[in-house]
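Structure, as structure tokens:
All of the numbers you see were taken from the coordinates with simple rules; none came from a lab. Remember, predicted model here, so these are calculated numbers, not experimental data. All Cβ positions, glycine included, derive from the backbone under ideal geometry; neighbour counts span all protein chains shown.
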Amino acid sequence: MAKGNDKNYVSFWFWMFAMFIMALPCIGFIMIIVWAFVGNNETRKNYFRAVIAWFLICTIFWIGLAVFGYWPVILKQIQSLPHLVK
């Protein structure tokens, strides 16, 4: 595919730049959101939307592990509060 004929063409150098920017803590997060929703390049937008989706899936997974892993500790703390439990 010639880059002049395809509006969704994304160059090698853009991907190198994008990966570098994504590695920066605050700027990377902001740019992922910007690239996911701004612009005419559907390929780039879909990729960054997928990055956001994977981030959300992983975050929910880790929160679930934390909650279920600490559930016995949480119950023990709740039961040790006599004024809350009747």
Integer Hz, Karplus 6.51/-1.76/1.60 couplings in order for segment 55-70, x for Gly and Pro: 4, 5, 4, 5, 5, 4, 4, 5, 5, x, 4, 5, 5, 6, x, 9
Segment F14-V67, extension gain: residue separation times 0.36 nm, minus the distance between their alpha carbons: 15.1 nm
Amide N proximity, segment 3-25 versus F55 label position 7 Å along Cα-to-Cβ, cut-off under 16 Å: 18-25
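What value does the chain have for Rg/Rh, both radii from Cα atoms and Rh as Kirkwood defines it? Numbers along the way, then the final one.
Numbers: Rg = 21.6 Å, Rh = 16.3 Å.
That ratio equals 1.32.
Ranking F68, F48 by Cβ neighbours within 10 Å, fewest first, what do you get?
Details: F68 9, F48 21.
Placing the least packed residue first, the sequence is F68, F48.
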